[in-house]
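Enquirer: Can you read through this structure? Questions will come right after.
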Amino acid sequence: MEYSKKIKLLSGIIVLLLVSYIAGTIFSSGNMNKKRASQPIFDKAVINKISAIKIDLQEEGSLLLQKEDQKWSYMYNNKKYPAPADKIENFIDSVFKCTKFQLAGSNSKTWDKFDLIEGKSKDAFFYDSSNNELFSLHIGKKGPTEGSGEYIRTSLSDEVYLIDAPIIRYFLRDRTYWSYLRVLPEDVDSNTIGSVKIKTDDRFSDAQAKINFSMKREYSNNNFEWKDVNGKVIDKNSADMLLNNIASFSADSFSNDHITTDKNAEIEIETDAYGRMIFDIKVLREQNALIGIRGGDYIYESSLYKIERILISVERIIEELK
């Protein structure tokens with residue numbers, strides 16, 4: 001009987017020690033810090049509420065990005081410009097990946113030390129559809145080592161964190177980065193274009209002196225071929241290259257200039273959804289050009305080589321047809 005009691009007592013001690021060891025392992029300072037380091041700063045449930053973002057730019061003050069009918073835009077000089085949804089969503093995703101990697105301060109007295117006060121920090125403010133502020137994010141100085149991220153604070157607490165992934169790159173962009181510069185609508189691609197006509201003068205250094213070219217998609221027995229104005233069949237790969245270069249054309253920036261009658265080229269396409277669309281192109285100095293869809297809302301400025309890439313595709317077809 002005495003022996004049985006001793007066995008039970010020893011078993012109880014072993015269980016107690018095992019529980020203490022497990023609890024100590026789980027709740028040790030190292031594990032608590034590790035758990036905290038992976039804890040997100042922001043509740044991801046807020047993501048779907050974001051309908052506007054005001055972000056500090058490097059030299060242009062702040063830019064207000066707004067979402068309406070699932071499309072993003074911004075106002076500049078009293079005019080609305082389209083903004084790229086993918087870049088904005090990447091920025092939002094980067095913000096919500098910020099974790100409490102390292103607590104650097106726990107009250108507002110530490111903010112100045114980390115350049116997290118007004119005038120020193122880079123700031124972004126996030127709003128809902130009623131223009132109510134959801135939260136703000138403030139970026140301060142870089143971490144102590146190269147690539148270690150930045151010190152940040154939010155409007156949700158007075159705490160300062162060193163985040164483990166740099167997001168300062170979004171605050172170092174200019175307005176052009178936040179501009180959607182694809183000239184044609186998103187739903188226009190090589191499969192939705194039925195014909196192409198291209199005319200140029202001699203202002204394009206990497207193209208023929210003048211181009212006057214057209215091609216059209218023609219169907220027969222549920223198949224189609226691309227043919228030029230003389231009925232010659234165009235190689236499908238060459239046609240696709242030209243069509244892709246046109247459909248995906250993206251400029252470098254918006255422009256306040258106008259394209260008048262002294263244009264140097266035009267590209268006319270026939271589309272399934274929009275009918276006839278005409279690019280008007282005017283060559284500028286310093287290897288740039290203005291480009292815009294006739295009757296459209298915007299004029300763009302583009303590097304000349306982007307336009308010449310289209311014309312080189314035309315030259316290739318012309319050579320193949322000889």
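The values are calculated or read from the model by the stated rules, or taken from the named source; none is laboratory data. Please read all numbers here as calculations on a predicted model, not as lab measurements. All Cβ positions, glycine included, derive from the backbone under ideal geometry; neighbour counts span all protein chains shown. Heavy atoms of the whole protein, side chains included, go into the accessibility calculation; ligands, DNA and RNA do not. Shrake-Rupley method; radii C 1.70, N 1.55, O 1.52, S 1.80 Å.
Enquirer: What does the net charge come to around Glu270 if you take all other residues with beta carbon closer than 12 Å to its beta carbon, with K and R at +1 and D and E at -1?
Expert: +2
Enquirer: Label Ile318 and Asn212 with points 7 Å out from Cα along Cα→Cβ: what is the distance between them in nm?
Expert: Reported label-point gap for Ile318 and Asn212 is 1.2 nm.
Enquirer: Here's another thing I want to ask about it. Out of Asn256, Asn222, Asn191, any idea which swings most in a Gaussian network model of the chain, alpha carbons joined below 10 Å?
Expert: Largest GNM mean-square fluctuation: Asn222.
Enquirer: Output the pairs from Lys197/Lys322; Lys49/Lys109; Lys87/Lys122; Lys120/Lys142; Lys44/Lys80; Lys87/Lys113 with a Cα-Cα distance over 23 Å in this structure; if there are none, say none. Could you put the intermediate results ahead of the total?
Expert: Numbers: Lys197/Lys322 18 Å; Lys49/Lys109 31 Å; Lys87/Lys122 18 Å; Lys120/Lys142 12 Å; Lys44/Lys80 29 Å; Lys87/Lys113 31 Å.
With Cα atoms farther than 23 Å apart: Lys49/Lys109; Lys44/Lys80; Lys87/Lys113.
Enquirer: Per 10 Å bin, what is the whole-percent P(r) computed from every C-alpha pair distance within the chain?
Expert: Answer for the chain: a P(r) of 5, 19, 20, 16, 14, 11, 6, 3, 2, 2, 1, 0 percent.
Enquirer: Would you mind getting the accessible area per residue of the chain, heavy atoms of the protein chains only, 1.4 Å probe, in Å²?
Expert: That works out to 59 Å² per residue.
Enquirer: Next question. Just order 291-300, 129-138 by mean Cβ neighbour count inside 10 Å, highest at the front, would you? The partial results should precede the final answer.
Expert: Numbers: 291-300: 17.0, 129-138: 15.0.
Per-residue Cβ counts within 10 Å, averaged per peptide and sorted highest first, yield 291-300, 129-138.
Enquirer: Additional query: Could you check the simple spin-label distance between Arg169 and Lys120, using points 7 Å along Cα→Cβ, in nm with one decimal?
Expert: For Arg169 paired with Lys120, the spin-label model returns 2.6 nm.
Enquirer: Can you give me the C-alpha center-to-center distance between the range 257-292 and the range 51-94, rounded to a whole angstrom?
Expert: Using only Cα atoms to place each centre, the spacing works out to 27 Å.
Enquirer: Sticking with this one: Pull up all non-local amide H partners of Phe204: gap of 5 or more, or a different chain, and H-to-H distance under 5 Å with H placed in the peptide plane.
Expert: none
Enquirer: In the chain, what percent of the accessible surface is made up of carbon and sulfur (1.4 Å probe, ligands and nucleic acids excluded)?
Expert: 48 percent
Enquirer: GNM on the chain, C-alpha springs below 10 Å: top fluctuator among Pro82, Pro185, Pro166?
Expert: For the chain, modelled as a Gaussian network with Cα springs under 10 Å, the answer is Pro185.
Enquirer: Just subtract the alpha-carbon distance of Lys232 and Glu270 from 0.36 nm times their residue separation and send over the number in nm, one decimal.
Expert: Working: separation 38, 0.36 × 38 = 13.68 nm, distance 1.95 nm.
The Lys232-Glu270 span can extend by a further 11.7 nm.
Enquirer: When the chain is fully extended, how far beyond the present Cα-Cα distance does Arg294 get from Ser106, taking 0.36 nm per residue of separation?
Expert: Values: separation 188, 0.36 × 188 = 67.68 nm, distance 5.72 nm.
In short, 62.0 nm is gained.
Enquirer: Quote the convex hull volume per residue of the range 149-262, based on C-alpha atoms, as a whole number of Å³. If you can, show how the numbers build up before the last one.
Expert: Numbers: hull volume 25.9 nm³, N = 114.
Dividing the Cα hull volume of the range 149-262 by its residues yields 227 Å³.
Enquirer: At a Förster distance of 45 Å, what's the computed FRET efficiency of Lys97 paired with Arg309, Cβ-Cβ distance as r, to 0.05? Walk me through the intermediate numbers first.
Expert: Working: r = 36 Å, r/R0 = 0.80.
Result of the calculation: an efficiency of 0.80.
Enquirer: Next up: In whole Hz, what ³J(HN,Hα) sequence does the range 50-59 give by Karplus (6.51, -1.76, 1.60; θ = phi - 60°), x for Gly and Pro?
Expert: Per-residue couplings from phi come out as 6, 10, 7, 9, 9, 10, 6, 9, 4, 10 Hz.
Enquirer: Short version: ³J(HN,Hα) in whole Hz for each residue of the range 173-182, in order, from phi by Karplus 6.51 cos²θ - 1.76 cosθ + 1.60 (θ = phi - 60°), x for Gly and Pro, what are they?
Expert: Going residue by residue, I get 8, 9, 4, 4, 4, 8, 9, 8, 10, 6 Hz, with x marking Gly and Pro.
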